[in-house]
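For reference, the structure discussed in these notes is given below.
The values are calculated or read from the model by the stated rules, or taken from the named source; none is laboratory data. Owing to the predicted nature of the structure, the values given are computational and were not obtained by experimental measurement. Using ideal geometry, Cβ is built from the backbone for each residue, glycine included, and neighbour counts are taken over all protein chains shown.
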Amino acid sequence: MTSTRSPAPPAPNDPAIRAIAALRKHSRDCRSIETRQYLVAVERRMVQLIDLGFHTQAEHDGPSCLAAE
């Protein structure tokens with residue numbers, strides 16, 4: 001039986017996570033609805049890219065883990 005391990009999610013001190021947190025804070029403080037909508041869209045896209053990278057890394061690491069066993 002083989003186990004598949006996934007890499008740990010990005011740490012809270014990761015620069016990308018800090019950038020998303022700063023973007024979220026800025027969008028909450030923003031008074032312009034158009035700007036707020038834009039910032040939220042950017043935040044969502046950044047999260048998607050991080051998630052995509054996380055899953056891509058898991059797929060990349062998966063076969064190498066099995067090969068080492």
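Structure values in brief
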item	result
Those residues of the range 23-32 which are part of a helix (DSSP H, G or I) and either of a type in the set (S, T, N, Q) or at pLDDT 95 or above (or both), in sequence order	Ser27
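Listed here are the residues, each with its yes/no results for (1) surrounded by fewer than 11 Cβ atoms within 10 Å (Cβ to Cβ); (2) modelled with pLDDT under 90; (3) of a type in the set (D, E, K, R); (4) not in a loop (DSSP other than H, G, I, E, B).
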site	(1), (2), (3), (4)
Ser3	yes, yes, no, no
Ser6	no, yes, no, no
Pro9	no, yes, no, no
Thr35	no, no, no, yes
Glu43	no, no, yes, yes
Asp51	no, yes, yes, yes
Leu66	no, yes, no, yes
